[in-house]
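Beneath this line is the structure, given in structure tokens, with notes to follow.
The values are calculated or read from the model by the stated rules, or taken from the named source; none is laboratory data. This is a predicted model, so every value here is computed, not measured. FYI the Cβ positions are ideal-geometry reconstructions off the backbone, even for glycines, and counts take in every protein chain you see.
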Amino acid sequence: MPLNTVPFVSVDHMMRIVLDIGVERVLVELADYVEDDFRRWDCFDKTPRVASHSREGVIELMPTSDGEVYGFKYVNGHPSNMQRGLQTVTAFGVLAAVDSGYPLMLSEMTLLTALRTAATSAVAARHLAPADAHRMAIIGNGAQAEFQALAFKAILGITEISLYDIDPAATRKCVGNLRSHGFDIRVANSAEEAVQGAQIVTTVTADKQYATILTDNMIGSGVHINAIGGDCPGKTELHRDILLRSSIFVEFTPQTRIEGEIQQLAPDHPVSELWEVIAGRAEGRTSPDQITLFDSVGFAIEDFAALRYLRDRLADTRHFVELDMIADPDDPRDLFGMLMRAREYC
């Protein structure tokens, strides 16, 4: 591919790639890429995402580099968008070569973020959830719910799910989408009913506010909580008392202290980072009665892994186009001359 062209993966391309490979296989393979990059955590630049908050939502940039490849994601979170028929979350991402600074790939990441979020949740559960887990509750049945269900099925073998959302239409949508994917589905009338008998509880709600989706009395011993809805300052899902009873695992502590459930706790409250568990430097689940909490807000290394996975798949597909993005004068010093010569054929 010429150096002045960059492969671009559109939403249509992404859908074709995922459907060609298969959703569950993509989730399994993405999970392996995420886990591989977590194992080489020390190789990466790490910084909390750069966020621009407004009353309506947040716009964020999420950069990282492993020293050879640089990647970033642009992503927003606007819960009120749904009322206007718009997506709550949209995203795109870039990979670039560190040695030249030239971009290597540009891609949509609205779909890819949904896939990597679900894959990362399942990676965490693979290390933290009870070994015999077979039932999961999903509270919040919006755009992320089906991806979560399929990731836990493909990676952990979960086939029994209970669903609850304050909007019954969201739950009906979720049931309809998952009906043909081999699940035993139970629709609950409340969050409390949904978690009964569940060994894994996923909370994935969207409201940008302090909320109590799970109260302390709803969580018994031995449960793994996958809390992924609280992801910015002032936005949480769990009662503080649940946190005090849990062993807490996060992605990147400085970011999660600001954005995650642990913003409710003292700044020195002990937590472990998930990469430490994956790399064998920290313990995960240590007893059947332990409550484990993955306080997930999303981190740039997960997006890097997802973009790396996608770039590796492009060799096997033509589901992309080449964009003419880089000026390529015959003499690198003569950018103006290139512009002037363009008059001959413009």
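Here are the numbers for this structure:
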{"quantity": "Filter result (of a type in the set (A, V, I, L, M), in contact with a helix residue (DSSP H, G or I) (Cβ under 7 Å, 6 or more places away or on another chain) and surrounded by fewer than 24 Cβ atoms within 10 Å (Cβ to Cβ)) within the stretch 124-144", "calculated": "133, 143"}
{"quantity": "First in the stretch 306-330 and over 14 Å from residue 112 (Cα atoms), second anywhere and part of a helix (DSSP H, G or I) and of a type in the set (Gly, Ala, Ser), Cβ under 7 Å, 6 or more apart", "calculated": "329/337"}
{"quantity": "Residue in the stretch 244-261 that is in contact with a Cys (Cβ under 8 Å, 6 or more places away or on another chain), of a type outside the set (Gly, Ala, Ser) and crowded, with 22+ Cβ neighbours inside 10 Å present", "calculated": "yes"}
{"quantity": "Residue count for the stretch 287-315, restricted to those that are exposed (fewer than 14 other Cβ atoms within 10 Å of the Cβ) and closer than 21 Å to residue 97 by Cβ", "calculated": "2"}
{"quantity": "Residue list for the stretch 148-170, filter: over 24 Å from residue 285 (Cα atoms) and buried (at least 22 other Cβ atoms within 10 Å of the Cβ)", "calculated": "163, 164, 165"}
{"quantity": "Residue satisfying condition, being in the same structural domain as residue 73 (by TED's automatic domain parsing), farther than 19 Å from residue 45 by Cα and of a type outside the set (S, T, N, Q), within set 285, 318, 281", "calculated": "318"}
{"quantity": "Residues located in the stretch 1-21, provided they are outside any helix (DSSP H, G or I) and in contact with a helix residue (DSSP H, G or I) (Cβ under 9 Å, 6 or more places away or on another chain)", "calculated": "7, 9"}
{"quantity": "Check on residue 51, surrounded by 18 or more Cβ atoms within 10 Å (Cβ to Cβ) and among the hydrophobic types (A, V, I, L, M, F, W, C)", "calculated": "no"}
{"quantity": "Out of 293, 238, sole residue that is over 30 Å from residue 20 (Cα atoms), aliphatic (A, V, I, L, M) and either assigned by TED's automatic domain parsing to the domain that holds residue 101 or touching a Phe, Trp or Tyr at 6+ places or on another chain (Cβ under 8 Å) (or both)", "calculated": "293"}
{"quantity": "Residue match in the stretch 339-346 (condition: at pLDDT 95 or above and either part of a loop (DSSP other than H, G, I, E, B) or more than 21 Å from residue 40 (Cβ to Cβ) (or both))", "calculated": "no"}
{"quantity": "Residue 194 out of contact with any Gly (no Cβ under 8 Å at 6 or more places or on another chain) and of a type in the set (A, V, I, L, M, F, W, C)", "calculated": "yes"}
{"quantity": "Residue, nearest to residue 221 (Cα to Cα), within the stretch 241-275, restricted to residues that are in contact (Cβ under 8 Å) with a residue 24 or more places away in the chain and of a type in the set (S, T, N, Q)", "calculated": "246"}
{"quantity": "Single residue of 114, 125, 119, 131 found to be on the phi < 0 side of the Ramachandran plot and in a loop (DSSP other than H, G, I, E, B)", "calculated": "131"}
{"quantity": "Filter result (over 23 Å from the mean Cα position of the chain (by Cα), over 28 Å from residue 81 (Cβ atoms) and buried (at least 17 other Cβ atoms within 10 Å of the Cβ)) within the stretch 175-212", "calculated": "186"}
{"quantity": "Counted residues, the stretch 134-155 - those being aliphatic (A, V, I, L, M) and either without any contact (Cβ under 8 Å) to a residue 40 or more places away in the chain or not assigned by TED's automatic domain parsing to the domain that holds residue 187 (or both)", "calculated": "1"}
